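The values are calculated or read from the model by the stated rules, or taken from the named source; none is laboratory data. The model shown is predicted, which means the values in this text are computed figures rather than measured ones. Quick reminder, even Gly has a Cβ in these numbers, built from the backbone with ideal geometry, and neighbours come from all protein chains shown. Surface accessibility is based on the protein's heavy atoms, side chains included, excluding ligands, DNA and RNA. Shrake-Rupley method; radii C 1.70, N 1.55, O 1.52, S 1.80 Å.
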Amino acid sequence: MLVEEIMKKDIFTLRSDQTVQDVMNLFEEKRIRHAPIVDDGKVVGIVTDRDLKDAMPSMFTVAPKGEPYKKKVSEIMTKNPIIVHPLDFVEEIALVFYEQKIGCLPVVSNNQLVGFLTETDLLYTYIELTGAHQPGSQIEIKVPNRSGALYEVSKVFYNHKVNVLSVLVYPDRKDNSNKILAFRIKTMNPISIIEDLRKEGFDVLWPNLHQE
(Lines give C-alpha, C1' and ligand atoms only; values in the text may rest on other atoms or scores of the structure.)
Protein backbone atom coordinates (compact mmCIF):
# COMPACT_ATOMS: atom_id res chain seq x y z
CA MET A 1 0.00 0.00 0.00
CA LEU A 2 1.26 3.46 -0.93
CA VAL A 3 1.17 6.66 1.14
CA GLU A 4 -0.96 8.40 -1.49
CA GLU A 5 -3.75 5.88 -0.84
CA ILE A 6 -4.21 6.87 2.81
CA MET A 7 -2.85 10.42 3.15
CA LYS A 8 -5.08 13.43 3.77
CA LYS A 9 -5.34 15.65 0.71
CA ASP A 10 -7.36 18.46 2.31
CA ILE A 11 -4.55 20.09 4.25
CA PHE A 12 -4.76 23.01 6.66
CA THR A 13 -1.48 24.92 6.66
CA LEU A 14 0.07 27.87 8.44
CA ARG A 15 2.87 30.31 7.65
CA SER A 16 5.90 30.80 9.85
CA ASP A 17 5.07 34.49 10.31
CA GLN A 18 1.66 33.75 11.82
CA THR A 19 1.14 33.71 15.58
CA VAL A 20 0.45 31.22 18.34
CA GLN A 21 -3.06 32.66 18.47
CA ASP A 22 -3.51 31.73 14.79
CA VAL A 23 -2.43 28.17 15.58
CA MET A 24 -4.94 27.96 18.43
CA ASN A 25 -7.72 29.29 16.22
CA LEU A 26 -6.97 26.84 13.41
CA PHE A 27 -6.67 23.81 15.68
CA GLU A 28 -9.92 24.65 17.46
CA GLU A 29 -11.87 25.49 14.29
CA LYS A 30 -10.74 22.47 12.26
CA ARG A 31 -10.37 20.10 15.24
CA ILE A 32 -6.85 19.08 14.28
CA ARG A 33 -3.67 18.47 16.29
CA HIS A 34 -0.96 19.01 13.65
CA ALA A 35 -0.33 21.41 10.76
CA PRO A 36 2.49 21.83 8.25
CA ILE A 37 4.12 25.25 8.00
CA VAL A 38 4.45 26.39 4.39
CA ASP A 39 6.33 29.48 3.19
CA ASP A 40 6.32 30.34 -0.51
CA GLY A 41 5.08 26.84 -1.38
CA LYS A 42 7.83 25.04 0.57
CA VAL A 43 7.36 23.01 3.76
CA VAL A 44 9.58 24.63 6.40
CA GLY A 45 8.17 23.14 9.58
CA ILE A 46 5.50 21.33 11.56
CA VAL A 47 3.51 22.61 14.53
CA THR A 48 1.62 20.29 16.87
CA ASP A 49 -0.66 20.56 19.86
CA ARG A 50 2.34 19.71 22.03
CA ASP A 51 4.25 22.70 20.63
CA LEU A 52 1.21 24.80 21.37
CA LYS A 53 1.00 23.64 24.99
CA ASP A 54 4.70 24.28 25.49
CA ALA A 55 4.22 27.83 24.20
CA MET A 56 1.36 28.60 26.56
CA PRO A 57 2.16 30.55 29.75
CA SER A 58 2.04 28.77 33.07
CA MET A 59 -0.23 29.99 35.84
CA PHE A 60 2.83 31.48 37.54
CA THR A 61 4.04 33.54 34.57
CA VAL A 62 4.71 37.23 35.13
CA ALA A 63 4.75 38.10 31.43
CA PRO A 64 1.94 40.28 30.04
CA LYS A 65 -1.14 38.10 29.57
CA GLY A 66 -1.35 38.38 25.79
CA GLU A 67 2.36 38.23 25.05
CA PRO A 68 2.76 34.41 24.51
CA TYR A 69 -0.10 34.41 22.00
CA LYS A 70 1.79 36.91 19.86
CA LYS A 71 4.76 34.58 19.42
CA LYS A 72 5.52 33.69 15.83
CA VAL A 73 4.96 30.16 14.58
CA SER A 74 8.63 30.12 13.58
CA GLU A 75 9.53 30.26 17.29
CA ILE A 76 7.58 27.15 18.31
CA MET A 77 7.53 24.93 15.21
CA THR A 78 9.78 21.94 14.46
CA LYS A 79 11.99 23.12 11.61
CA ASN A 80 13.04 21.07 8.58
CA PRO A 81 10.72 18.15 9.33
CA ILE A 82 11.07 14.67 7.88
CA ILE A 83 9.07 14.46 4.65
CA VAL A 84 7.78 11.49 2.66
CA HIS A 85 6.80 10.89 -0.95
CA PRO A 86 3.30 9.79 -2.01
CA LEU A 87 4.76 6.66 -3.63
CA ASP A 88 6.54 5.52 -0.45
CA PHE A 89 5.25 2.28 1.05
CA VAL A 90 3.04 2.70 4.13
CA GLU A 91 4.83 -0.18 5.90
CA GLU A 92 8.17 1.62 5.60
CA ILE A 93 6.73 4.95 6.72
CA ALA A 94 5.11 3.30 9.75
CA LEU A 95 8.64 2.35 10.80
CA VAL A 96 9.68 6.02 10.52
CA PHE A 97 6.82 6.99 12.84
CA TYR A 98 7.91 4.33 15.32
CA GLU A 99 11.64 5.01 15.26
CA GLN A 100 11.40 8.82 15.26
CA LYS A 101 8.48 8.91 17.74
CA ILE A 102 6.55 11.42 15.66
CA GLY A 103 2.84 11.93 15.11
CA CYS A 104 2.68 13.35 11.58
CA LEU A 105 4.56 13.71 8.31
CA PRO A 106 4.14 16.07 5.34
CA VAL A 107 3.85 14.34 1.96
CA VAL A 108 5.84 16.18 -0.71
CA SER A 109 6.16 15.65 -4.46
CA ASN A 110 8.15 17.93 -6.80
CA ASN A 111 8.85 20.18 -3.81
CA GLN A 112 5.13 20.78 -3.32
CA LEU A 113 3.00 19.73 -0.36
CA VAL A 114 0.48 17.21 -1.73
CA GLY A 115 -0.69 15.45 1.43
CA PHE A 116 -0.41 14.98 5.17
CA LEU A 117 -0.09 11.74 7.08
CA THR A 118 -0.78 11.22 10.79
CA GLU A 119 -0.47 8.31 13.18
CA THR A 120 -4.29 8.22 13.25
CA ASP A 121 -4.31 7.58 9.49
CA LEU A 122 -1.98 4.62 10.06
CA LEU A 123 -4.21 3.28 12.83
CA TYR A 124 -7.34 3.50 10.67
CA THR A 125 -5.48 1.75 7.86
CA TYR A 126 -4.47 -1.06 10.21
CA ILE A 127 -8.10 -1.45 11.33
CA GLU A 128 -9.30 -1.65 7.71
CA LEU A 129 -6.59 -4.10 6.65
CA THR A 130 -7.27 -6.44 9.55
CA GLY A 131 -11.04 -6.25 9.15
CA ALA A 132 -11.40 -5.37 12.84
CA HIS A 133 -14.23 -2.94 11.98
CA GLN A 134 -16.32 -5.74 10.47
CA PRO A 135 -18.39 -8.34 12.37
CA GLY A 136 -16.43 -11.55 12.75
CA SER A 137 -14.14 -13.64 14.91
CA GLN A 138 -10.41 -13.84 15.46
CA ILE A 139 -8.52 -17.11 15.60
CA GLU A 140 -4.83 -17.41 16.45
CA ILE A 141 -2.98 -20.59 15.56
CA LYS A 142 0.56 -21.72 16.27
CA VAL A 143 2.09 -23.61 13.35
CA PRO A 144 5.55 -24.88 12.43
CA ASN A 145 7.70 -22.26 10.73
CA ARG A 146 7.79 -23.99 7.33
CA SER A 147 6.37 -23.45 3.87
CA GLY A 148 2.86 -24.73 3.28
CA ALA A 149 1.58 -24.19 6.83
CA LEU A 150 -0.63 -21.24 5.85
CA TYR A 151 -2.12 -23.24 2.96
CA GLU A 152 -2.92 -26.20 5.22
CA VAL A 153 -4.76 -24.01 7.73
CA SER A 154 -6.59 -22.15 4.97
CA LYS A 155 -8.03 -25.43 3.68
CA VAL A 156 -10.01 -25.79 6.91
CA PHE A 157 -11.61 -22.38 6.41
CA TYR A 158 -12.31 -23.25 2.78
CA ASN A 159 -14.05 -26.48 3.77
CA HIS A 160 -16.30 -24.50 6.10
CA LYS A 161 -17.01 -22.00 3.33
CA VAL A 162 -16.08 -19.12 5.61
CA ASN A 163 -14.61 -15.89 4.27
CA VAL A 164 -11.19 -14.85 5.60
CA LEU A 165 -11.16 -11.08 6.15
CA SER A 166 -7.45 -10.86 6.96
CA VAL A 167 -4.46 -12.88 8.08
CA LEU A 168 -1.37 -11.70 9.94
CA VAL A 169 1.79 -13.75 10.37
CA TYR A 170 4.21 -13.03 13.18
CA PRO A 171 6.98 -14.95 14.95
CA ASP A 172 6.51 -17.04 18.06
CA ARG A 173 8.64 -15.15 20.59
CA LYS A 174 9.07 -18.27 22.70
CA ASP A 175 10.13 -20.62 19.92
CA ASN A 176 11.68 -19.59 16.58
CA SER A 177 10.69 -22.92 15.05
CA ASN A 178 7.05 -21.81 15.15
CA LYS A 179 5.03 -18.85 13.91
CA ILE A 180 1.62 -17.45 14.81
CA LEU A 181 -1.16 -17.03 12.26
CA ALA A 182 -3.87 -14.56 13.28
CA PHE A 183 -7.02 -14.90 11.16
CA ARG A 184 -10.01 -12.61 11.12
CA ILE A 185 -12.94 -14.60 9.69
CA LYS A 186 -16.48 -13.62 8.76
CA THR A 187 -18.45 -15.67 11.24
CA MET A 188 -19.66 -15.02 14.77
CA ASN A 189 -19.61 -18.72 15.72
CA PRO A 190 -16.21 -20.27 15.00
CA ILE A 191 -16.57 -23.26 17.36
CA SER A 192 -16.91 -25.93 14.66
CA ILE A 193 -13.96 -24.43 12.75
CA ILE A 194 -11.80 -24.48 15.87
CA GLU A 195 -12.74 -28.10 16.51
CA ASP A 196 -11.70 -29.08 12.98
CA LEU A 197 -8.46 -27.13 13.25
CA ARG A 198 -7.59 -29.10 16.38
CA LYS A 199 -8.57 -32.37 14.71
CA GLU A 200 -6.04 -31.53 12.00
CA GLY A 201 -3.41 -31.15 14.70
CA PHE A 202 -3.18 -27.36 14.81
CA ASP A 203 -2.53 -25.59 18.10
CA VAL A 204 -5.32 -23.00 18.47
CA LEU A 205 -4.16 -20.35 20.91
CA TRP A 206 -7.27 -18.19 20.72
CA PRO A 207 -10.10 -18.60 21.46
CA ASN A 208 -8.90 -20.96 24.17
CA LEU A 209 -12.06 -23.07 24.32
CA HIS A 210 -12.33 -25.77 26.96
CA GLN A 211 -11.43 -29.17 25.57
CA GLU A 212 -12.93 -32.29 27.06
I'd like to check one number: the per residue accessible area of the range 69-175, probe 1.4 Å, reported in Å² as a whole number. 65 Å²
Go through the range 150-156 residue by residue and turn each phi into a ³J(HN,Hα) via Karplus (6.51, -1.76, 1.60, θ = phi - 60°); whole Hz please, and just put x for glycine and proline. 5, 4, 5, 5, 4, 4, 5
HN-Hα couplings for the range 77-93 via Karplus (6.51, -1.76, 1.60; θ = phi - 60°), in whole Hz with x for Gly/Pro, come out as 6, 8, 7, 6, x, 5, 10, 10, 9, x, 9, 5, 7, 4, 4, 6, 5
Express in Å², to the nearest 10, the accessible area of Met188 obtained by rolling a 1.4 Å probe over the protein heavy atoms while all chains stay in place. 140 Å²
Once amide hydrogens are built 1.01 Å from N within the peptide plane, the residues lying 5 or more places from Trp206 or on another chain with amide H under 5 Å from its amide H are Glu140
Of all the accessible heavy-atom surface of the range 90-212, with the other protein chains kept in place and a 1.4 Å probe, what percent is carbon and sulfur? 50 percent
All other residues with a Cβ under 12 Å from the Cβ of Gln134 taken together, and with Lys, Arg as +1 and Asp, Glu as -1, what is their net charge? +1
Set the bar at 25 Å for Cα to Cα. Now go through Lys161/Lys199; Lys8/Lys71; Lys8/Lys70; Lys53/Lys101; Lys8/Lys101; Lys42/Lys70 and name every pair that lies beyond it. Lys8/Lys71; Lys8/Lys70
Net charge of Cβ neighbours under 12 Å - reference Val143; Lys, Arg +1; Asp, Glu -1: -3
Of the candidate values [x] 188; [y] 200; [z] 164, the one computed for volume of the Cα convex hull per residue in Å³ from this structure is [x]
